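The values are calculated or read from the model by the stated rules, or taken from the named source; none is laboratory data. Please read these numbers as outputs of a predicted model, since none were measured by experiment. Cβ placement follows ideal geometry from the backbone for every residue including glycine, while neighbour counts extend to all protein chains displayed.
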Amino acid sequence: MSQVYLCDLKDHEGEEVEIKGWLANRRSKGKLHFLTIRDGSAFTQAIMSKKEVAEEEFDLCGNIGIESSI
């Protein structure tokens with residue numbers, strides 16, 4: 001799996017890639033977490049669904065602080 005900058009995500013549609021950055025914002029809506037991630041080149045939104053990850057991971061994500069490294 002290759003690491004890509006957020007500004008280059010459009011060139012990797014359908015591929016599994018690794019992104020690194022900081023949490024710019026987090027919202028939760030019941031069984032979903034919406035994470036806005038930035039890396040210096042752009043922002044993107046990731047969605048975490050409770051039914052797709054372990055409960056421990058979902059709870060941990062709900063407590064990540066703004067500007068935490070991801």
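Quick test of your reading of the structure: CYS61 fulfils all but one of (1) modelled with pLDDT of 95 or more; (2) under 11 Å from the mean Cα position of the chain (by Cα). Name the failing condition by number. Every listed condition holds for CYS61 apart from (1).
Within the stretch 5-20, identify whether any single residue is touching a Cys at 6+ places or on another chain (Cβ under 6 Å) and free of Cβ contacts under 8 Å to residues at least 24 places away in the same chain, and answer yes or no. No, there is no match, as no residue in the stretch 5-20 is touching a Cys at 6+ places or on another chain (Cβ under 6 Å) and free of Cβ contacts under 8 Å to residues at least 24 places away in the same chain. Counting only residues that are part of a loop (DSSP other than H, G, I, E, B) and either in contact with a Gly (Cβ under 9 Å, 6 or more places away or on another chain) or within 12 Å of ILE19 (Cβ to Cβ) (or both), the stretch 34-57 holds 4 of them.
Of the residues SER28, SER49, SER41, SER69, which is loosely packed, with under 10 Cβ neighbours inside 10 Å, of a type outside the set (A, V, I, L, M, F, W, C) and either touching a Ser or Thr at 6+ places or on another chain (Cβ under 8 Å) or on the phi < 0 side of the Ramachandran plot (or both)? None of the other options fit; the residue is SER69. Within the stretch 4-22, can one find any residue that is surrounded by 13 or more Cβ atoms within 10 Å (Cβ to Cβ), in a strand (DSSP E or B), hydroxyl-bearing (Ser, Thr, Tyr) and modelled with pLDDT of 95 or more? For the stretch 4-22, residues surrounded by 13 or more Cβ atoms within 10 Å (Cβ to Cβ), in a strand (DSSP E or B), hydroxyl-bearing (Ser, Thr, Tyr) and modelled with pLDDT of 95 or more: absent. Taking the stretch 53-62 as the range and being exposed (fewer than 11 other Cβ atoms within 10 Å of the Cβ) and either closer than 27 Å to LYS10 by Cα or charged (D, E, K, R) (or both) as the test, the residues that pass are GLU55, GLU56. Of all residues in the stretch 33-65, count the ones that are of a type outside the set (Lys, Arg) and either touching a Lys or Arg at 6+ places or on another chain (Cβ under 7 Å) or in contact (Cβ under 8 Å) with a residue 60 or more places away in the chain (or both). So the count comes out to 7.
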